[in-house]
1. In the range 400-419, what residues are open to solvent by less than 10 Å² (accessible area, probe 1.4 Å) and either touching a Cys at 6+ places or on another chain (Cβ under 6 Å) or in contact (Cβ under 8 Å) with a residue 60 or more places away in the chain (or both)?
2. Working carefully through the options Val641, Val687, find the one that is among the hydrophobic types (A, V, I, L, M, F, W, C) and surrounded by fewer than 16 Cβ atoms within 10 Å (Cβ to Cβ).
3. Is it fair to say Asp315 is at pLDDT 95 or above and among the charged types (D, E, K, R)?
4. Can you tell me how many residues in the range 306-327 are open to solvent by 40 Å² or more (accessible area, probe 1.4 Å) and either of a type in the set (A, V, I, L, M) or part of a loop (DSSP other than H, G, I, E, B) (or both)?
5. Suppose we filter the range 286-305 for residues that are β-branched (Val, Ile, Thr) and either touching a Leu at 6+ places or on another chain (Cβ under 7 Å) or outside any strand (DSSP E or B) (or both); how many remain?
6. All but one of (1) part of a strand (DSSP E or B); (2) more than 28 Å from Arg390 (Cβ to Cβ); (3) in contact with a Lys or Arg (Cβ under 6 Å, 6 or more places away or on another chain) hold for Glu228; which doesn't?
7. Over 28 Å from the mean Cα position of the chain (by Cα) and closer than 24 Å to Gly665 by Cβ: is that true of Pro487 in this structure?
8. Exactly one of these conditions fails for Leu147: (1) without any contact (Cβ under 8 Å) to a residue 60 or more places away in the chain; (2) open to solvent by less than 40 Å² (accessible area, probe 1.4 Å); (3) among the aliphatic types (A, V, I, L, M). Give me its number.
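The values are calculated or read from the model by the stated rules, or taken from the named source; none is laboratory data. Worth saying up front: this structure is predicted, and the values here are computed from it rather than measured. Don't worry about glycine lacking a Cβ; one is built from the backbone with ideal geometry, like all the others, and counts go over all protein chains shown. These area figures cover heavy atoms from the full protein model, side chains too; ligands, DNA and RNA do not enter into them. Shrake-Rupley method; radii C 1.70, N 1.55, O 1.52, S 1.80 Å.
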Amino acid sequence: MAKIKIDGNEIDVAPEATLLQACEAAGAEVPRFCFHERLSVAGNCRMCLVEVKGGPPKPTASCAMSVRDLRPGPNGEPPEVFTNTPMVKRAREGVMEFLLINHPLDCPICDQGGECDLQDQAMAYGIDAGRFAENKRAVEDKYIGPLVKTVMTRCIQCTRCVRFTAEVAGTADMGLISRGEDVEITTYLESAMASELQGNVVDLCPVGALTSRPYEFKARPWELSKTETIDVMDALGSNIRVDVRGREVVRILPRLNEDVNEEWISDKTRHVVDGLKTQRLDRPYVRRMDAHHHVRLLPASWGEALGVVAGKLKDTDPKKVGIVVGDLASAEELFAVKALASALGIANLDARADGSCLDGAAGRATYLFNATIAGIERADAILIVGSNPRLEAPVLNARIRKRWRKGGCPIGVIGEEADLNYAYNFLGEGPNAVANLASGGNGFLEVLKAASRPLILVGNAVSAREDGPALMAALAKLAVDVGAAGPEWNGFSVLHTAASRVAALDLGVVPGEGGLATREILAGCASGAIEMLILVGADEIDTAKLGSAFVVYLGTHGDAGAHRADVILPGAAYTEKSGIWVNTEGRVQVGARAAFPVGDAREDWAVIRALSALVGETLPFDSLSELRAALEAAHPTYAGVDEIAAGDHEDVVRLAAGAGAALGGPDFASPVTDFYLTNPIARASSVMAECSKLAAARVAAAAE
């Protein structure tokens, strides 16, 4: 550590820290526009000027000078920096005046108004009048896609957006061209940005040059009620803030969590907002004959709808009843469904709608991202098998890219040869490549063995296959053989695509003794062996296989499940309920309710509780707090909010003991074929539909 004095206060800081970071550590506020902690230093806005004692007789850009660059005093005294001297004050006023020469007076019509860095710093560090009377320059607005609106005349050329797309997103969509007064930010050919993280440039932009196009002219920040909650668009569990105006969700923003999503979120997480109010199920429906003798879904009361479901449950043999839970369910409704199924003797229960072979009975380490998301930055070799993390978890993929940019971390991929925004060694497309790697056939085995912390990322394309158990065992054996499954470092890491999956495996929402899994339940519906099917938010199934089964759908949107249902029970979306979600690394996170369910919709656990009373098996909780108390009593790890109950590496060793089966079959195919349309909420969003159309056009153009 190095000693430095900031405004007379002596502190110890890392010698590689910038003066700006040292000032912040000392409690001194330093304004900035171009500097950002997660981006490279540009040093071009000059707002962060400070005075260095003994330095040149001019202010210094604190973001571009490190503590180690300062000279000590004549007698070895710590170097001194001042942030509030007359020189600094005049310098900042001059910089602010210069920035405002060409900045338009757009504040009344600018979406950034009220949360604009330029407004805030002009008030704090600027002067009350400018001395320039020349005409302001104007810059033509650019089209950069359906998500980001541009008003480039407002741009102050901080280049945060350029550095983000080049360094974090890895797409280099944006750049700065020309010199002097003609300088401007552009996408070069004025095409839509290609990154799944592009919405983050809106948060980074310190002025109103880049704003959210779907949020255009919707609300002012002081009109919004803000709720901190958890995202469910993928299994990462990104921390988000939901902004509500009245009863309507109008915006979703990221929250800082260094261990999960840092301060980034994907475009689907951010812009799925309009899907929360489109095609919503707001009342119960029952399929029956109307006045014209046509059988169709007709509105019903809750009593009527639940009565029909309860009557059917009582009249049907539990062995002929199946329950499939979808990908967005919270732990509370998973626990309630499991309790109801146990009470009724229903063994045909599964929350693995994609047909995954993972089972909680094998031990938590067999289905967690054991290295942890933050642990990716400690890995020194990565093998990705059966996953396209850019589509399945874009923010996690950015973390892998972050590790790759530091160097010393070779990456191998078995599966689709996709553009992941970083260089990798392509090792093959299917199980044969796994066998070849395990036998040392391609040289990457030695890379993994030489690494001190190898990470093996296993995707859903592995576990959701019919030969999934053999493949999982083979990859567990590979992890053991290369030293990736030990007590100090467990690099065997499963990347899920469903927000509900880890909680479902923790709580045992899988087939009971003699019960059928999802594939077998659907086959039973087609053959007539399953007479009644309850879908709890499960839309990612082939509804054409449901045959003549009586289908009950509890969910939020008029998607595939609701179209096939005989009874529809409207549920609450993730922004409309308080719930626990466990992310792919096993971190328990609590989401809060930001808005109320639409119409007559109710929270899912409450619907299940009401149904249990009608079938004569009343569940032992009447409120969410009682349900959570029962959940935490049965599974104590769920009381540790924002904590990870790590799995035992011995679970991976036991899984590896089952290896030995011959590996073969078709190539791995990621379950996410269209990033923007992976769940009912996203499919109801017109913004996501436009993004999907653009992505498809981009793929088609690249194939030509």
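1. If the condition is that a residue be open to solvent by less than 10 Å² (accessible area, probe 1.4 Å) and either touching a Cys at 6+ places or on another chain (Cβ under 6 Å) or in contact (Cβ under 8 Å) with a residue 60 or more places away in the chain (or both), then Ile414, Gly415 are the ones that fit.
2. On the way: Val687 fails: surrounded by fewer than 16 Cβ atoms within 10 Å (Cβ to Cβ).
Matching residue, one of Val641, Val687: Val641.
3. Details: at pLDDT 95 or above: no; among the charged types (D, E, K, R): yes.
So Asp315 does not fit the description; no.
4. The number of residues fulfilling the criteria is 2.
5. So in the range 286-305, the residues β-branched (Val, Ile, Thr) come out as 286, 295.
Filter once more, so that each one left must be either touching a Leu at 6+ places or on another chain (Cβ under 7 Å) or outside any strand (DSSP E or B) (or both): 286.
So the count comes out to 1.
6. The failed condition is (2).
7. Details: over 28 Å from the mean Cα position of the chain (by Cα): yes; closer than 24 Å to Gly665 by Cβ: no.
So Pro487 fails the test.
8. All conditions pass for Leu147, except number (1).
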